[in-house]
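Here the structure is laid out as structure tokens; the discussion comes afterwards.
All of the numbers you see were taken from the coordinates with simple rules; none came from a lab. Computed from a prediction, not measured in an experiment: that's the story for all the values here. Methodologically, a virtual Cβ is constructed for each residue, glycine included, from the backbone with ideal geometry; neighbour enumeration extends over all protein chains shown.
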Amino acid sequence: MPLVTLVPLVLLAACGSADPVDETHRGELTSTDPRHPSDQSSYDEYAFTADKGYTVDVEMSSESFDTFIHIIGPEGEDWQNDDRAGDDWNSRRQFVATSSGTYRVWANSHRPGAEGPYQLRIRTTEAN
């Protein structure tokens with residue numbers, strides 16, 4: 001019987017190239033959610049991965065409260081938005097990712113104590 005030698009395989013991780021994201025989340029802010037450190041308002045957290053140069057588009061809507069989105073980048077970058085336009089309660093923030101990695105979105109309310117259902121959409125697209 002021949003002697004079989006096992007050679008360990010080394011798997012190399014692919015560099016960069018995060019897949020584009022298109023996610024819709026339906027959530028609800030409640031009194032038991034984590035609290036934003038600046039004003040103690042409730043928030044839910046969502047994470048996604050994007051490469052540097054990707055266009056990021058985050059949009060939040062609710063019929064129950066004035067929405068606020070807070071996005072934290074992998075190197076501490078900080079993007080926020082309260083209203084899409086004028087008196088609109090819905091929020092939208094678009095930007096180009098300044099670094100590759102995991103981004104966190106806090107689906108939040110503009111005022112502490114606000115609760116209710118919301119919809120959050122996170123989209124990323126590759127740079128052209």
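In what order do SER91, SER38, SER100, SER64 fall by count of nearby beta-carbon atoms within 10 Å, going from fewest to most? Walk me through the intermediate numbers first.
Working: SER91 25, SER38 9, SER100 19, SER64 14.
The order, fewest Cβ neighbours first, is SER38, SER64, SER100, SER91.
Between ASP88 and LYS52, what is the FRET efficiency for a Förster distance of 30 Å, r being their Cβ-Cβ separation, to the nearest 0.05?
Details: r = 30 Å, r/R0 = 1.02.
For ASP88 and LYS52, the calculated efficiency is 0.50.
List the residues whose amide H sits under 5 Å from the amide H of SER41, counting only those 5 or more places along or on another chain, with H placed 1.01 Å from N in the peptide plane.
Counting only residues 5 or more places away or on other chains, the set is HIS36.
Express in nm, to one decimal, how much length is gained between HIS110 and GLN80 on full extension, taking 0.36 nm for each residue of separation and deducting their alpha carbon distance. Before the final figure, lay out each step's value.
Numbers: separation 30, 0.36 × 30 = 10.80 nm, distance 1.10 nm.
Gain in length upon complete extension: 9.7 nm.
Using the Karplus equation 6.51 cos²θ - 1.76 cosθ + 1.60 (θ = phi - 60°), what ³J(HN,Hα) coupling, rounded to whole Hz, does each residue of region 34-45 give in order, writing x for Gly and Pro?
Calculated HN-Hα couplings, in order: x, 10, 5, x, 7, 9, 6, 6, 6, 8, 10, 10 Hz.
Would any residue of region 101-125 have its amide N under 12 Å from a label point 7 Å out along Cα→Cβ of ASP39? List them or say none.
Label zone hits: 108-114.
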